[in-house]
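Everything on this sheet refers to the single structure shown next.
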Ligand code: TTP
Ligand code: MG
């Protein structure tokens, strides 16, 4: 009798933890000024003082501002909400809302300017704490990170206790709360960290993944914005369960490759590893356009805005760039990129903008698609990064 020995590869389940700080900027402000605790706090900018309308001349003799937002005032309120406390959210205020609108909803809120230097310092301290708890650590933004804790814990109960230790240390050392999600992969861990907020902890055990995801709207999947959600809804798909059971071919026909990825995510599958942020190879920014367009003005304005944002990051991190690339996503979700490598390293904004616009001009001239499809997203990336040496950095 033949004896067949099956050698199975036992892949150990991963345990991924995602941490996201609660109302990060405003929580730091409230920590620095305890009298703000429990109040609606809005970070984004101050509201200029109310000035009388008739014959007003400011202290330096300036004319009254032209725009008005309320009947009795001539103030012009500029800017958007970066974030706000949960007390302010109760008034319907949220990130990216114009400050003028936030003021209408809650004029008594405390409006504060963005104090980025402080937030970055606090972020660095929190990341130092988190890193120690992880086998592998990946910072995602100023207030969130993934930790692979697979070898640190033996089961989901231990993972829960481990998360409590993390929350306790951040609270004791930094006086801030966070929300944590734990799951077998990154996507589910991220969905889980926002499931209960603020000060939440949600553990999605491997056997419960499908059950957890099933009732959630598709928009809960990280990266699915309102436009994609609407497209998917138009196909009669509202929940992640419906997405998991839908015909993947139809999804791919509508969303391209991304449709395939979404389908796998809906089935609880995400193979991405937690990747250490070692040496950065590139930096990029992208922007989904409010209106899909072929308007050159809008596209160049978007490129300018992306370049401004990217350049700030380059300066902050002390990088020079050699390669500039643009990315264009059309209405049918097809993607095109164009890149140019310069002969030497550059650090200035003007070169970044000029190169990006040259690439875009050339792209438009040579791409047939441009005539048929509108643009839904533009992106800008710099790669082949060099490090500004300390002396240059001081001069810059
Ligand atoms: P988030 O984690 O999205 O928001 P949050 O920490 O303020 O609140 P939550 O409890 O829901 O996590 O973003 C982190 C910080 O990034 C936030 O405090 C301010 C900043 N931010 C902006 O400046 N503009 C934005 O549009 C968003 C979404 C965030
Ligand atoms: Mg947050």
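The values are calculated or read from the model by the stated rules, or taken from the named source; none is laboratory data. Everything numeric here is computed off the predicted structure, so don't read it as measured data. Every residue, glycine among them, receives a Cβ derived from its backbone with ideal geometry; neighbour counts consider all protein chains shown.
Listed by first and then second residue, the pairs linking a residue in the range 173-187 that is within 14 Å of residue 274 (Cα to Cα) to a residue that is within 16 Å of ligand 2 (Cβ to nearest atom) and in a strand (DSSP E or B), with Cβ atoms under 6 Å apart and 6 or more places separating them unless they lie on different chains, are 182/17; 186/146. Could you tell me whether residue 145 is touching a residue at least 60 places away in the same chain (Cβ under 8 Å), assigned to a helix (DSSP H, G or I) and within 18 Å of the chain's Cα centre (by Cα)? Taking the combined requirement at face value, the residue does not satisfy it. Sort out which residues of the range 340-356 are within 26 Å of residue 375 (Cα to Cα) and surrounded by 15 or more Cβ atoms within 10 Å (Cβ to Cβ), and write them in order of number. 349, 351, 352, 353, 355, 356 - these are the residues of the range 340-356 that are within 26 Å of residue 375 (Cα to Cα) and surrounded by 15 or more Cβ atoms within 10 Å (Cβ to Cβ). Residue-level check: of (1) surrounded by fewer than 20 Cβ atoms within 10 Å (Cβ to Cβ); (2) touching a helix residue (DSSP H, G or I) at 6+ places or on another chain (Cβ under 6 Å); (3) outside the structural domain of residue 155 (by TED's automatic domain parsing); (4) modelled with pLDDT of 50 or more, residue 69 misses just (4).
Among residues of the range 11-32 that are at pLDDT below 95, those with a Cβ under 8 angstrom from a residue that is more than 10 Å from ligand 2 (Cβ to nearest atom), sequence gap 6+ or separate chain, pair up as 12/150; 13/150; 13/184; 13/206. Just one residue in the set 102, 161 is assigned to a helix (DSSP H, G or I) and either at pLDDT below 95 or under 30 Å from residue 49 (Cα atoms) (or both); that residue is 102.
Taken over the range 217-234, the criterion of being surrounded by fewer than 17 Cβ atoms within 10 Å (Cβ to Cβ) and either without any contact (Cβ under 8 Å) to a residue 24 or more places away in the chain or assigned by TED's automatic domain parsing to the domain that holds residue 289 (or both) is satisfied by 217, 219, 223, 226, 230, 233, 234.
Among the residues examined, residue 171 does not qualify as under 24 Å from the mean Cα position of the chain (by Cα), in a loop (DSSP other than H, G, I, E, B) and modelled with pLDDT of 95 or more. Residues of the range 135-150 that are at pLDDT 95 or above and away from ligand 2 (no atom under 16 Å from the Cβ): 148, 149, 150. Tell me whether the range 357-372 contains one or more residues that are closer than 28 Å to residue 116 by Cα and either touching a residue at least 40 places away in the same chain (Cβ under 8 Å) or in contact with a helix residue (DSSP H, G or I) (Cβ under 7 Å, 6 or more places away or on another chain) (or both). No, the conditions are met nowhere in the range 357-372.
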